[in-house]
Amino acid sequence: MNFSYSKKDKLKSKKLIELLFSEGKAITVFPLRLVYLQTTFDDTSILKTGVSVSKRMHKNAVDRNRIKRLMREAYRLNKSKYFNKSSTSYAFMILYISKDKTTFEELDTTTNLLFQKFLKHTSKDETVSK
């Protein structure tokens, strides 16, 4: 299992981020919101992922950075359970939408629920399109 979150897995393209928010679909499991878009990448990466915490909700940069660090860690540990077998490429943006601070345990369980909901949602889309 690959538990890494390397540079090639990070969502950094400004064009792709704009496309993600303009054309992407969203799934919410409070306090996380996943905006995703099916894409095609040139490299070997299946997922390109970014995390974001609202400056409006969390004024202190220390708080935002801590939540983002916890979100990245929860993503890193859980992505191999759900996405190793996937042949489709996706761009993800995971947003933290609560005003409250959180713990790693809460984010870990919420990330699991979010990925399960995503897989159910995408499997429905695939059966409808066939």
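Every number in this text was worked out from the coordinates using simple rules, so none of it is lab data. None of these values were measured; they are calculated from a predicted model. Backbone-built Cβ (ideal geometry, glycine too); neighbour counts: all protein chains shown.
Observations, loosely collected:
- Within segment 7-123, percent of DSSP bridges classed antiparallel, to nearest 5: 60 percent
- Counting charges near L113 (Lys, Arg +1; Asp, Glu -1) among other residues having Cβ under 15 Å from its Cβ returns a value of +2.
- Take the Cβ atoms of K8 and T28, set R0 to 30 Å, and the FRET efficiency comes out at 0.65.
- Listed peptides 13-21, 27-35 by packing density, highest first (mean Cβ within 10 Å): 27-35, 13-21
- Cβ-based net charge around I97, under 12 Å, with every Lys or Arg adding one and every Asp or Glu removing one: +2
- Two-site FRET efficiency, S80 against T103, from Cβ-Cβ distance with R₀ of 25 Å, rounded to 0.05: 0.70
- Kirkwood Rh, Cα atoms: Rg over Rh of segment 56-129: 1.04
- Sum of side-chain charges, L19 neighbourhood, beta-carbon under 14 Å (Lys, Arg +1; Asp, Glu -1): +3
- Stokes-Einstein D for the chain, Kirkwood Rh over Cα pairs, 25 °C, 0.890 mPa s (µm²/s): 162 µm²/s
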